[in-house]
């Protein structure tokens, strides 16, 4: 079974196919958000920061190609295309603008799930650089299993807290600006909401630092952003 914190957005205008895909994914314990239009899907991707996007090319308000291009301007999110278009040119164009894989309708559940698993595995490898876990102080973060422990005890993080920590780890020892963290964790429409970042960073420090008021690892770059120090 999948990790239930793995979030998948499905952009598909046909209710029966949306339900088919959602039921199949939820049976494997994935968390699924449905969108019937490209506009709604882009909002969901930007605000919910999923681990994978499944998108139909034939949407009522915009072409799926435009959805892919929009997302690729700010995210490396894995994208799986679902479409009734069998013309090879359509597949090539979708892949050229940034889709990672293409599944032609009709399709079966086993193939859908196999494609999803493959894209998620590829994404994990790309973001962890083959290093499954990272330590700082008495904290260990397993980037493959998505677990966080402190002194051997499990630390429960919210989805946003984990995504924020993962960004800090991926860019360890580097200063990440407020705007970059907000854009990468919350999406492009939240780049000016620094108060979001301060609240969640405070929560992380309370969960991971010995003294959250004098943090040793999650440091503030005054007026700029934050930096994770591993030693």
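The values are calculated or read from the model by the stated rules, or taken from the named source; none is laboratory data. Model, not experiment: these values are computed from the prediction. Cβ sites come from the backbone with ideal geometry, for glycine too, and all protein chains shown count toward neighbours.
Could you pull out every one of the helices (runs of 4 or more DSSP H) wholly within segment 137-231 that has 3 or more residues that are under 15 Å from the mean Cα position of the chain (by Cα)?
On the way: elements: 159-170, 178-185, 194-208.
Those helices (runs of 4 or more DSSP H) span 159-170, 178-185.
Could you grab me the full set of residues in segment 14-33 that are under 21 Å from residue 71 (Cα atoms) and either surrounded by fewer than 17 Cβ atoms within 10 Å (Cβ to Cβ) or not assigned by TED's automatic domain parsing to the domain that holds residue 57 (or both)?
Matches in segment 14-33: none.
How many residues, within segment 133-146, are surrounded by 15 or more Cβ atoms within 10 Å (Cβ to Cβ) and at pLDDT 90 or above?
Of the residues in that region, 5 qualify.
Out of the residues in segment 75-89 meeting the condition of being surrounded by 14 or more Cβ atoms within 10 Å (Cβ to Cβ) and closer than 20 Å to residue 119 by Cα, tell me which one is farthest from the chain's Cα centre (by Cα).
83
Among 61, 96, which is the only one that is more than 21 Å from residue 22 (Cα to Cα), surrounded by fewer than 16 Cβ atoms within 10 Å (Cβ to Cβ), touching a helix residue (DSSP H, G or I) at 6+ places or on another chain (Cβ under 9 Å) and not assigned by TED's automatic domain parsing to the domain that holds residue 193? Walk me through it before giving the result.
Details: 96 fails: touching a helix residue (DSSP H, G or I) at 6+ places or on another chain (Cβ under 9 Å).
Of 61, 96, the one residue that is more than 21 Å from residue 22 (Cα to Cα), surrounded by fewer than 16 Cβ atoms within 10 Å (Cβ to Cβ), touching a helix residue (DSSP H, G or I) at 6+ places or on another chain (Cβ under 9 Å) and not assigned by TED's automatic domain parsing to the domain that holds residue 193 is 61.
Can you tell which of 47, 5, 39 is within 24 Å of residue 187 (Cα to Cα), in contact with a helix residue (DSSP H, G or I) (Cβ under 7 Å, 6 or more places away or on another chain) and surrounded by fewer than 16 Cβ atoms within 10 Å (Cβ to Cβ)?
Every option except 5 fails the conditions.
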